[in-house]
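The values are calculated or read from the model by the stated rules, or taken from the named source; none is laboratory data. Remember, it's a predicted structure, so these values are computed and weren't measured experimentally. Counting neighbours? That spans all protein chains shown, and the Cβs are built from the backbone with ideal geometry, glycine included.
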Amino acid sequence: MSRARGSNVVLSVLLIVSTLIFGLGILAVVTRRNAIGMLLGIELMLNSVNLNLVIFGRFSERIADPLEGQVYALFIMALAVAEAAVGLALILALVRKFGSVDADAAGTLKG
Amino acid sequence: MGVSSGQTAAFLVLSLLAISGAFYTAFANKLFHSVLALLLTLGSIAGLYFMMGAEFLGVLQILLYMGGVVVLFVFGIMLTPARDEDRLPPMVKWHMVAIIGVGLLTTFLVFIFYYYTGQFWHEIRITPRITYDKMFQDISALLTDKFLVPFEVLSVAILVALIGALYVARKRE
């Protein structure tokens, strides 16, 4: 019983950690004006989601195979890497076009 | 998992490192410091994976994120014109709004998690320590059996992303 209690504490701590990392990622995306800083925030958010998937796969008994959470996290990880590559390519194109990494500089569509 | 006090302490230390790294990533003035703090966060999360028995993901996290994505970001920073002063004075008011809003959202989520770990988890029950004899075989069996279609779609998506990145970043005449 005390064992389960201890696991429960660890579970809450881990969930709170992933939530805080997610919130800080949102803050980085919202407050950074540098486009690369925004990408860093997106990476933070994806990582916290991965952490959450692994936590639930590890601690929940309802999932048939405990490895499934890890497989989902694996997919997200691969997509995150592809996303980072595409994002940096877009930022390079942005710099060529507008001469700045400032996200506010790309205001061509602004009415 | 057999939760000894040493393990709990390691969990707490890794969690603190991850949170402080994420904090510095969001608020560092110099972008390069921000990337280094992201490295710290990624490493702590890899450590948490190891402690949760997800060694495969921990190794991948170190290889892909700490080895690949961070290098990509450093190259991105070096290839773009320097602009360290991220936050100009006129934006500060809206930054406060953003910080308060995200703070409220995060508190709400933490409250939900904390509340439900009291009730919900009795129902879900915590699995005892799982020992994987052949985790790598099991994961590859899952990938080639149950998750075969998403796996193939994922490889096509990565191929398209790579070609698209090259196309977008090419030099135009």
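Just checking, which of B:Gly68, B:Gly47, B:Gly53 is in a loop (DSSP other than H, G, I, E, B) and out of contact with any strand residue (DSSP E or B) (no Cβ under 7 Å at 6 or more places or on another chain)? The unique qualifying residue is B:Gly53.
Quick grid of which residues meet (1) more than 7 Å from chain A (Cβ to nearest Cβ); (2) at pLDDT below 85; (3) touching a His at 6+ places or on another chain (Cβ under 9 Å):
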{"position": "B:Leu142", "(1), (2), (3)": "no, no, no"}
{"position": "B:Leu148", "(1), (2), (3)": "yes, no, no"}
{"position": "B:Ala157", "(1), (2), (3)": "no, no, no"}
{"position": "B:Val160", "(1), (2), (3)": "yes, no, no"}
{"position": "B:Gly164", "(1), (2), (3)": "no, no, no"}
{"position": "B:Tyr167", "(1), (2), (3)": "yes, no, no"}
{"position": "B:Arg172", "(1), (2), (3)": "yes, yes, no"}
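Just to be sure I understand the filter: pairs with C-beta atoms under 8 Å, separated by 6 or more residues or on different chains, first member in region A:17-43 and within 25 Å of A:Gly107 (Cβ to Cβ) and within 7 Å of chain B (Cβ to nearest Cβ), second member outside any helix (DSSP H, G or I) and of a type in the set (Val, Ile, Thr). Which pairs pass? Correct list of pairs: A:Asn34/A:Val101; A:Ile36/A:Val101; A:Ile36/B:Thr80.
The conditions of being closer than 17 Å to B:Ile45 by Cα, touching a residue at least 24 places away in the same chain (Cβ under 8 Å) and at the interface with chain B (Cβ under 8 Å from one of its Cβ atoms) are not met by A:Ala84.
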